[in-house]
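Q: Mind looking over this structure? Questions follow.
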Amino acid sequence: MSDSMQDPVISRVRETLRSESATRPDPVAVARTLQTVWAAPRPVWWRRALDAWRMPALSGLATSAVAAAALLVGFVTRGAVQTRDALDPVAAAGPATEEFPVQFASYEGEETARIATQFVFEHATAQSVSVVGDFNAWEADALPLTRLPNGLWTVTVPLPPGRHVYAYVIDGTLVVADPRAPKAGDADYGREGSVVMVFAR
Amino acid sequence: MSDTPPNTSIDPTLPLRAKAGDRQAFAQLVDLMYPRALRFALHMVGNREDAEEAVQDTFVRVYHNLGRFRDDARFEPWLFRILANRCRTALGKRNRHTQLIQYGELPDRVGAQSDPERDWTEEVYKVLETLPAEQKEAFLLRHVEDMAYEDIAAVTGVGLSALRMRVKRACDVLRVRLTEMMQDE
């Protein structure tokens with residue numbers, strides 16, 4: 001606990017300055033940051049040397065829980081959302097199959113290098129499922145999923161590299177996060193959402 | 001306050017995986033640390049545009065220098081050291097927020113709130129703006145980011161006794177300027 005908690009004025013200042021309502025990140029800015037990181041050229045040697053001089057690695061504790069934590073992270077980050085390269089070979093190879101066809105959605109937006117990203121959602125009784133996110137202005141009708149005979153719903157969307165927040169809309173009304181993807185801490189408008197990271201090739 | 005994000009520590013394996021070339025791990029680091037980094041930058045530089053730029057520059061530099069990150073080091077102080085440098089650079093360049101304060105306008109970071117709460121928040125930001133940058137930096141790292149003085153020393157490169165004095169002076173100013181307002185509510 002911070003020693004500020006013992007002073008009512010400083011304690012309240014602290015709460016004010018920690019209020020998320022005032023400093024909530026813009027999901028677009030977060031995605032733009034990742035895009036910039038991937039796109040930024042590696043600095044020249046003298047720049048790296050200067051940075052190294054200004055940013056020495058800090059000492060600290062090596063963790064004893066590395067293996068367990070790595071397992072946990074691997075568990076949490078696995079998900080049903082994958083780039084096309086990572087899909088089942090049948091689905092990713094090109095020609096659609098009856099078991100797991102790749103349904104490409106049309107997408108209108110600025111022309112940047114986009115990566116085919118497949119969304120897969122399981123819902124046995126839904127009449128319709130669509131995906132909404134920061135990439136389609138959360139429009140419920142923009143990206144409908146196609147129902148497969150095995151009960152899965154799927155659509156493949158070309159997305160720009162970066163971080164995207166999304167959710168599924170069931171029967172046009174119920175908005176749910178992807179149960180097999182990391183939760184977004186900054187869901188738009190208070191709605192629950194999930195995160196997909198799209199990497200440039 | 002229910003919407004206060006926790007200052008949780010990150011999984012120490014994430015930076016190591018990112019250093020080993022795992023892009024997903026680095027993306028997770030950004031996802032986890034962006035809110036705290038933006039909060040600190042926003043309070044330091046006073047406007048969202050400069051703060052987002054400082055945070056973005058920070059993550060780019062972190063990514064390009066991951067190879068130099070020691071395996072036994074802690075990631076958060078390292079990131080905040082880079083971020084604090086970017087904020088100092090941004091502070092040297094900007095004057096827009098100062099103009100806003102001088103003309104009595106409310107910074108855009110203040111959301112819709114009831115009037116007493118809004119007045120309080122505005123006053124907190126105004127007093128914060130009057131603090132010397134080194135005092136504000138030390139105060140934010142200690143009392144908002146909950147960092148230990150040893151970590152703040154690593155971030156700022158300043159000795160412990162000097163840091164404690166900076167934090168104390170910042171607290172004194174905030175207390176003097178805000179106690180009366182708090183009692184009036």
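The values are calculated or read from the model by the stated rules, or taken from the named source; none is laboratory data. In this text the structure is predicted, and so the values were computed from the model without any measurement. Cβ atoms come from the backbone with ideal geometry, glycine included; neighbour counts cover every protein chain shown.
Q: Please specify each residue of region B:15-30 satisfying the condition of being within 7 Å of chain A (Cβ to nearest Cβ) and surrounded by fewer than 22 Cβ atoms within 10 Å (Cβ to Cβ).
A: Passing the criteria: B:Arg23, B:Gln24.
Matching residues to (1) farther than 23 Å from A:Val30 by Cα; (2) touching a Ser or Thr at 6+ places or on another chain (Cβ under 6 Å); (3) at pLDDT 85 or above:
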| residue | (1), (2), (3) |
| --- | --- |
| B:Ala84 | no, no, yes |
| B:Gln99 | yes, no, no |
| B:Glu105 | yes, no, no |
| B:Arg109 | no, no, no |
| B:Pro116 | yes, no, no |
| B:Leu140 | no, no, yes |
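Q: Here is a follow-up. Please go through region B:35-67 and give me each residue that is over 11 Å from B:Leu83 (Cβ atoms), within 7 Å of chain A (Cβ to nearest Cβ) and assigned to a helix (DSSP H, G or I), ordered by number.
A: Matches in region B:35-67: B:Pro35, B:Leu42, B:His43, B:Glu52, B:Val60, B:Tyr63, B:His64.
Q: Now for a different question. Which members of region A:134-159 meet the condition of being surrounded by fewer than 18 Cβ atoms within 10 Å (Cβ to Cβ) and under 18 Å from the mean Cα position of the chain (by Cα)?
A: The answer is A:Ala137, A:Glu139.
Q: Of all the residues that make up region B:167-179, how many are modelled with pLDDT under 95 and either over 15 Å from A:Ile10 (Cβ atoms) or in contact with an Asp or Glu (Cβ under 8 Å, 6 or more places away or on another chain) (or both)?
A: Looking only at that region, the number is 3.
Q: For region B:31-65, enumerate the residues that are crowded, with 23+ Cβ neighbours inside 10 Å, hydrophobic (A, V, I, L, M, F, W, C) and over 12 Å from the mean Cα position of the chain (by Cα).
A: Across region B:31-65, the qualifying residues are B:Phe59, B:Val62.
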